Amino acid sequence: MPVTASQIFACLEEFFSGKIAEDWDNVGLQVGDPTKEVGRVLVALDPDPETVKIGIEKEVDLIVTHHPLIFRPVKRLDFSQPAALLLRKLIKNEITVYSLHTNLDAAPYGLNQYLAEKLGLNRIKPWGTNRFEILYKLVVYVPRDHVENVRKAICTSGAGHTGNYSDCSFRVAGTGTFKPLPGAKPYLGEVGKVSEVDEYRLETVVPENRIYRVLDALHRAHPYEEIAYDLIRLSNRGTKLSPGRQGELARPVSLGQFAVEVKNRLRLPQVAVVGRIDSQVKKVALVSGSGASFLGQAASQGFDVLLTGDIKYHDAREAQLLGINLVDAGHYGTECLAVELLARFLTEKSEERGWDIEVIPFEGSSPFIFV
């Protein structure tokens, strides 16, 4: 069936919510018309001239990228400048651009989780800064005969998850009263008369990024014309949201062996290594992209190696001082998997939801050439 850009955005938002992006980041819609019907989607790492050229040639309607097109506020559009010219081409060809950056990094099934699994790590857990998903309690009043239908509808839509448990809810019986006024079309009772109805107070928990989907399911399943419900923000901590992952190798290997394994699994021409090449590695911390700021944390928590990208000379010296091994697989090397991840995600979701779209992955290439 046909699908609009905004429907695709909503699907991406369910799993990689923009609410978990870093404050400095600019994720989501970058340029274009969210109401436009989409038939062809290009997935890329960077919204650069090469990506836009491919998008125009393939006649795509939407480009989904990891890195944002616009990082800072645009003060003027001078078409003699490359950045403005890129925007002009996108607008002229009616191509919408949507970006998932630090929200994709930190999401429970996002880029760093994907990277950790790609490297074959075991006992994978979120690692890095400690942020947690915001939770709400949903309280709704439902007539007795419809409580199970409503419960199933909201839990299927993302409510009721607590740790390793799903379909978590609580209900208590009571009596609801109401008087339909002129113009009302009540499911129960009569206009102008006070009615008493056997109802249940149904409670469950909803993560912030699933609220609108759950409320939509509630309105479709609930029989009342006007639904009485409350949304209460909780102090409870939801899912841990961290930019990195920690894990363990199946067995200890040398730092050199680990580096070669990283290079081979990520299909890279080379990786840089800091540390004793024969030192033993088992506990691994990783942060895709630029993770030098996590050196101290990795060292203090006893990890054998930190895998990341964009390591500078003085970062390497700091690692030596702290006694933490480093494998620098590059910014591109640790993040190009975003294309594979997002292309698979969109393909699977389009099949599940019956969307008539073609998803085209485009990895591009690293800007660095090694000689």
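Observations on the model:
- Qualifying residue in region 33-46 (condition: out of contact with any Pro (no Cβ under 6 Å at 6 or more places or on another chain), within 26 Å of residue 351 (Cβ to Cβ) and either without any contact (Cβ under 8 Å) to a residue 24 or more places away in the chain or among the polar types (S, T, N, Q) (or both)): yes
- Selection within region 168-184 - closer than 17 Å to residue 146 by Cβ and part of a loop (DSSP other than H, G, I, E, B): 169
- Total residues in region 197-238 satisfying the condition of being under 14 Å from residue 140 (Cα atoms) and part of a strand (DSSP E or B): the figure is 13.
- Within region 34-46, the set of residues being under 21 Å from residue 10 (Cβ atoms) and part of a loop (DSSP other than H, G, I, E, B) comprises 34, 35, 36, 39.
- With a requirement of 2 or more residues that are farther than 19 Å from residue 306 by Cα, the strands (runs of 3 or more DSSP E) lying completely within region 74-144 that satisfy it span 96-99, 135-143.
- Top-ranked residue in region 293-325 [being within 17 Å of residue 244 (Cβ to Cβ) and charged (D, E, K, R); ranked as surrounded by the fewest Cβ atoms within 10 Å (Cβ to Cβ)]: 310
- Residues (in contact with a helix residue (DSSP H, G or I) (Cβ under 7 Å, 6 or more places away or on another chain) and without any contact (Cβ under 8 Å) to a residue 24 or more places away in the chain) located in region 167-210: 167
- For region 12-27, the set of residues classified as surrounded by fewer than 19 Cβ atoms within 10 Å (Cβ to Cβ) and either among the aromatic types (Phe, Trp, Tyr) or under 11 Å from the mean Cα position of the chain (by Cα) (or both) consists of 14, 15, 19, 24, listed by residue number.
- Members of region 321-355 found to be touching a helix residue (DSSP H, G or I) at 6+ places or on another chain (Cβ under 8 Å) and over 30 Å from residue 281 (Cα atoms), listed by number: 342, 345, 346, 349, 353, 355
- Here residue 132 meets the list (1) among the hydrophobic types (A, V, I, L, M, F, W, C); (2) surrounded by fewer than 17 Cβ atoms within 10 Å (Cβ to Cβ); (3) over 30 Å from residue 246 (Cα atoms); (4) within 27 Å of the chain's Cα centre (by Cα) almost entirely, failing just condition (3).
- Residues of region 168-215 that are of a type in the set (Asp, Glu) and either exposed (fewer than 14 other Cβ atoms within 10 Å of the Cβ) or at pLDDT 95 or above (or both): 190, 196, 198, 199, 203.
- Helices (runs of 4 or more DSSP H) (entirely within region 269-371) containing at least 1 residues that are over 25 Å from residue 47 (Cα atoms), assigned by TED's automatic domain parsing to the domain that holds residue 48 and among the acidic types (Asp, Glu): 337-353
- Residue that is nearest to the chain's Cα centre (by Cα), among those in region 257-269 that are surrounded by fewer than 16 Cβ atoms within 10 Å (Cβ to Cβ) and at negative phi: 265
- Scope region 120-172; condition under 30 Å from residue 265 (Cα atoms) and of a type in the set (S, T, N, Q); matching residues: 122, 129, 130
- Scope region 139-166; condition among the aromatic types (Phe, Trp, Tyr) and in contact (Cβ under 8 Å) with a residue 12 or more places away in the chain; matching residues: 141
- Restricting attention to region 59-74, the residues that are exposed (fewer than 15 other Cβ atoms within 10 Å of the Cβ) and within 15 Å of residue 359 (Cα to Cα) total 1.
Conditions tested, residue by residue: (1) within 23 Å of residue 356 (Cβ to Cβ); (2) touching a Ser or Thr at 6+ places or on another chain (Cβ under 7 Å).
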{"residue": "80", "(1), (2)": "no, no"}
{"residue": "88", "(1), (2)": "no, no"}
{"residue": "94", "(1), (2)": "yes, no"}
{"residue": "107", "(1), (2)": "no, no"}
{"residue": "110", "(1), (2)": "no, no"}
{"residue": "113", "(1), (2)": "no, no"}
{"residue": "126", "(1), (2)": "no, yes"}
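- Meets criteria (surrounded by 12 or more Cβ atoms within 10 Å (Cβ to Cβ), outside the structural domain of residue 15 (by TED's automatic domain parsing) and over 20 Å from residue 137 (Cα atoms)) for residue 160: no
- Members of region 190-210 found to be of a type outside the set (Ser, Thr, Tyr) and closer than 20 Å to residue 149 by Cβ, listed by number: 197, 198, 199, 201, 202, 203, 205, 206, 210
The values are calculated or read from the model by the stated rules, or taken from the named source; none is laboratory data. All values reported here derive from a predicted model rather than from experimental measurement. A quick note on method: Cβ atoms are made from the backbone with ideal geometry, for glycine too, and the neighbour counts reach across all protein chains shown.
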